[in-house]
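**Student:** Got a structure for you, questions after.
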Amino acid sequence: MQGNMKFYNKWPFHVAVIVFSIVSDQLTKLWAVARFTDEAGNFTYEKIPVIGELVRFQLVYNKGAAFSSRPQDLMPFLPPWVFFLLISIVAAFALAWFYKSIDKRDYLSRLGVVMIFGGAVGNFIDRMRMQMVVDFIDCDFPDFIMTRFPTFNVADSFVTVGVALVILSPVILKKLHKQIKEEKDAEKETKT
């Protein structure tokens, strides 16, 4: 078990995760734009049900940040692309510092940071290329507070899973280390 975990904690695997997250994000966004616009580039306003009305695909352009918030309005003197460029540079340095500060044995948190970085780069590419982000995954949560969850994309999914890994890593690793210790103790008992 621990031999497998060493592989997940190596930089070649982390680089592969970053590349995979960026490529999968960009390819799915290219598909969404091609699928939901006509030859002139106009919206078709079509919705494709994936799991009924629970999950569907539809094209939305997000000129803001997460959940369509508009943090760029805090500095209206900067063009939005400059604002997001500066924020992205600061975030990249913060993620690199955080990655380096994580204990090397905490492979889940390190993987989480890598996923956050890959997702952030995917959305950053959209912002620099089009001054907006392509979103196309639309979910509903029946009997939930909001009507529908804000539309998102593959990059957002990588960021969300990465944040969850960073938050849940201490709990998961504590249980995993306890299980490994119990297995080693049981193995010692059978040898004696």
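**Student:** Among the residues in the stretch 78-95, are any surrounded by fewer than 22 Cβ atoms within 10 Å (Cβ to Cβ) and not in a helix (DSSP H, G or I)?
**Tutor:** Step one: filter the stretch 78-95 for residues surrounded by fewer than 22 Cβ atoms within 10 Å (Cβ to Cβ), giving 78-83, 85-95.
Checking the rest, the ones that are also not in a helix (DSSP H, G or I) come to 78-79.
Yes.
**Student:** Regarding T44, is this residue over 30 Å from D106 (Cβ atoms), modelled with pLDDT of 90 or more, over 21 Å from the mean Cα position of the chain (by Cα) and polar (S, T, N, Q)?
**Tutor:** Values: over 30 Å from D106 (Cβ atoms): yes; modelled with pLDDT of 90 or more: no; over 21 Å from the mean Cα position of the chain (by Cα): yes; polar (S, T, N, Q): yes.
In short, no.
**Student:** Working only within the stretch 138-166, note down all residues that are modelled with pLDDT under 95, of a type outside the set (D, E) and not in a helix (DSSP H, G or I).
**Tutor:** C139, F141, P142, F144, I145, M146, T147, R148, F149, P150, T151, F152
**Student:** Are any residues in the stretch 5-63 surrounded by fewer than 16 Cβ atoms within 10 Å (Cβ to Cβ), among the hydrophobic types (A, V, I, L, M, F, W, C) and part of a strand (DSSP E or B), and if so, which ones?
**Tutor:** F43, I48, V50, I51, V55
**Student:** Here is a follow-up. Determine the pairs where a residue that is free of Cβ contacts under 8 Å to residues at least 24 places away in the same chain, located within the stretch 94-109, has a partner that is basic (K, R) with Cβ atoms under 6 Å apart, the partner being 6 or more residues away or on another chain.
**Tutor:** Close Cβ pairs (under 6 Å, with a partner that is basic (K, R)) amount to I102/R110.
**Student:** Same structure, new question: Applying the selection to the stretch 96-118, what residues are small (G, A, S) and under 17 Å from the mean Cα position of the chain (by Cα)?
**Tutor:** Step one: list which residues in the stretch 96-118 are small (G, A, S), which gives 96, 101, 109, 112, 118.
Those that are small (G, A, S) and under 17 Å from the mean Cα position of the chain (by Cα): A96, S109, G112, G118.
**Student:** Just need a number here: residues in the stretch 118-133 that are surrounded by 19 or more Cβ atoms within 10 Å (Cβ to Cβ), assigned to a helix (DSSP H, G or I), among the hydrophobic types (A, V, I, L, M, F, W, C) and in contact (Cβ under 8 Å) with a residue 60 or more places away in the chain. Even if it seems obvious, please write down each step before you answer.
**Tutor:** The initial filter retains those residues of the stretch 118-133 that are surrounded by 19 or more Cβ atoms within 10 Å (Cβ to Cβ), namely 118-124, 126-127, 133.
Checking which are assigned to a helix (DSSP H, G or I) leaves us with 118-124, 126-127.
Right, trim to among the hydrophobic types (A, V, I, L, M, F, W, C) and you get 120-121, 124.
Subset that is in contact (Cβ under 8 Å) with a residue 60 or more places away in the chain: 121.
Total meeting the criteria: 1.
**Student:** Show the residue pairs meeting these rules: Cβ distance below 7 Å; 6+ apart or different chains; first residue within the stretch 29-44 and closer than 16 Å to I137 by Cα and in contact (Cβ under 8 Å) with a residue 24 or more places away in the chain; second residue in a loop (DSSP other than H, G, I, E, B) and among the hydroxyl-bearing types (S, T, Y).
**Tutor:** F36/T44
**Student:** Same structure, new question: Residues of the stretch 124-139 being closer than 10 Å to K29 by Cα and not β-branched (V, I, T), which ones?
**Tutor:** Listed by number, the residues that qualify are D126, D135, F136.
The values are calculated or read from the model by the stated rules, or taken from the named source; none is laboratory data. All of these numbers come straight from a predicted model, not from anything done at the bench. Virtual Cβ from ideal backbone geometry, glycine too; neighbours counted across all protein chains shown.
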